[in-house]
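The values are calculated or read from the model by the stated rules, or taken from the named source; none is laboratory data. As the structure is a prediction and not an experimental result, all values here were calculated from the model. Glycine gets a Cβ as well: all are built from the backbone with ideal geometry, and neighbour counts include every protein chain shown. These accessible areas exclude ligands, DNA and RNA; they are computed on the full protein's heavy atoms, side chains included. Shrake-Rupley method; radii C 1.70, N 1.55, O 1.52, S 1.80 Å.
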Amino acid sequence: MPTAPPSPSAPSSTPAPHPFTTAPPGIVVGVDGSDGSLWALDRAFTEAAALSLPLHVLSAVNPSPAGFAPGVAELAEESAERLLRGMCEVTERAIAGVAPRHPGAPMPALFALLGNPIDTLLEASARHHTLVVGARGNGGFRRLLLGSVASALVHHAACPVLLVPARNTPIEAPVDIT
């Protein structure tokens, strides 16, 4: 037996899509404020211009990789919002520092999301042309040649992944975010 459609005033149980999911397909660069992500951002500007595609800067903040302890969900939510605002500020400074190296390039769209960076970037790979990431980000194991995010993307992304190695030449970083 068919059910009646929901009334127009009834709240939808489906959350509205995040603007990132409706952005036009283009180049996506993951930025976490690390030196590697700054080099990736610089290269992503070049790729977007060369391919005449929009550039989307994606920063994901994972507020609690291990989950929340009972009774602290409200505190954790407030803390996550602060983390997200901080990541937005870091990413905006990174864009402001790198953009002048690419005169005439349109400003990229910035998307800062709460969630696991690997999952977020893998989801983006399903509808975008290329993912650009640094070889190493803000992880604690600096001796590793390939970071955990980059490794997961290289193996599981649905689009090409451009992995930008850390510069080992004595040139200045594109931006100082401190």
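A few remarks follow.
To keep it simple, each residue is scored yes or no on (1) part of a helix (DSSP H, G or I); (2) at pLDDT 85 or above; (3) open to solvent by 80 Å² or more (accessible area, probe 1.4 Å).
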position	(1), (2), (3)
GLY33	no, yes, no
ALA40	yes, yes, no
ALA66	no, no, yes
LEU75	yes, no, yes
GLU78	yes, no, yes
ILE95	yes, yes, no
VAL98	yes, yes, no
GLY104	no, yes, yes
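- Screening LEU163 with (1) within 14 Å of TRP39 (Cα to Cα); (2) modelled with pLDDT under 70 gives one miss only, at (2).
- Segment 135-162 residues that are within 12 Å of SER125 (Cα to Cα) and open to solvent by 70 Å² or more (accessible area, probe 1.4 Å), paired with ones that are at pLDDT 70 or above and in a helix (DSSP H, G or I) (beta carbon under 7 Å, 6 or more apart): HIS156/LEU122; ALA158/SER125
- Flag if LEU53 is touching a His at 6+ places or on another chain (Cβ under 6 Å), modelled with pLDDT of 75 or more and on the phi < 0 side of the Ramachandran plot: yes
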